[in-house]
1. Loop only per DSSP, at most 16 neighbouring Cβ atoms within 10 Å: give me the trypsin sites (Lys or Arg not before Pro) in segment 172-226, ordered by residue number.
2. Can you pull the percent of Cα pairs in segment 1-65 with separation above 17 Å?
3. Determine the calculated [θ] at 222 nm for the chain from helices alone, applying -39500 (n - 2.57) to every DSSP H run no shorter than 4 residues and normalising by the residue count; nearest 500 deg cm²/dmol.
4. In nm, what is the difference between 0.36 nm times the number of residues separating residue 72 and residue 145 and their Cα-Cα distance?
5. Can you pull a Stokes-Einstein diffusion coefficient for the chain at 25 °C (0.890 mPa s), Rh from Kirkwood over Cα pairs, as a whole number of µm²/s?
6. If I stretch the segment between residue 216 and residue 153 completely, what's the gain in nm (0.36 nm per residue apart, minus their alpha carbon distance), one decimal?
7. Only loop residues by DSSP count here, and only those with at most 11 other Cβ atoms within 10 Å; note down the GluC sites (Glu not before Pro) in segment 126-215 that meet that.
8. Please give the FRET efficiency for residue 26 paired with residue 94, using the beta carbon to beta carbon distance and R0 = 25 Å, rounded to the nearest 0.05.
Amino acid sequence: MTVYFIGAGPGAADLITVRGAKLLGNCPVCLYAGSIMPDDLLALCPPDAKVIDTGPLNLDQIIDELAAADKAGIDVARLHSGDPSIYSALAEQCRRLDELGIGYEIVPGVPAFAAVAAALGRELTVPGVAQTVTLSRVATLSTAMPEGEDLRTLSAPGATLVLHLAAAQIDNIVPQLLDGGYRPETPCAVVAFASWPQEIVLRGTLADIAEKMHAAAVTKTAVIVVGDVLAAEGFSDSYLYSSGRRRGATH
């Protein structure tokens, strides 16, 4: 028996990986978070699968379901939106399974920030503009941020910043970013429900993005991107493909 932690991707059913889809179609038990998992993705489960919404469950109850499946010798698909490596509560589940001696495998998925970049039609790393992407969030009713990971500190380099789980706090976020490394005219974009049919794309600057979010009633299931890469023009071509690079060089 194996628990498969599967990255379900940002939402669209056809953005799950081939491996993830195959496993989902073969597992007799599937656990998922109901509020952020589309029905057409769950349709990939076997017709007679036991499908459990983990939204109302706490960690102990989730582990109980996994342990029951292990006792019965049944494989489990544990679906996480995006990629399980960020903001998925994967670590605490794996720790419990390690203690119980239950085997598991992690299947990567398309992360939300990648779907957001695609929706914006932008690369998040542009030559001469930004070569660093910081992924973070803000603390509200969730786990507190570690020391040194406040928004003012993270924005100091002025590189590309991607904020998850932060849309409802935009009025508090903007002043902190302006106190850090960004300017009122720094480009900013917000994508809600990236890859879903109801996808919303908002573009602006730090000076006006909060107003645009309020007007569009965007408060959740959104990713905020800040940085000059969003409006970069006239940048140099990447050295990798430049005509001046010696072909066949290894270093």
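1. Taking segment 172-226 and a limit of 16 other Cβ atoms within 10 Å, the loop trypsin sites (Lys or Arg not before Pro) found are 220.
2. 38
3. -8000 deg cm²/dmol
4. Here the answer is 22.4 nm.
5. Result for D is 123 µm²/s.
6. Extra length available between residue 216 and residue 153 comes to 19.8 nm.
7. Numbers: sites: 147, 149, 185, 199, 211; in loops: 147, 149, 185, 199.
Listed in order of number, the matching sites are 147.
8. Step by step, r from the Cβ atoms, then E = 0.70.
The values are calculated or read from the model by the stated rules, or taken from the named source; none is laboratory data. None of these values were measured; they are calculated from a predicted model. Counting neighbours? That spans all protein chains shown, and the Cβs are built from the backbone with ideal geometry, glycine included. These area figures cover heavy atoms from the full protein model, side chains too; ligands, DNA and RNA do not enter into them. Shrake-Rupley method; radii C 1.70, N 1.55, O 1.52, S 1.80 Å.
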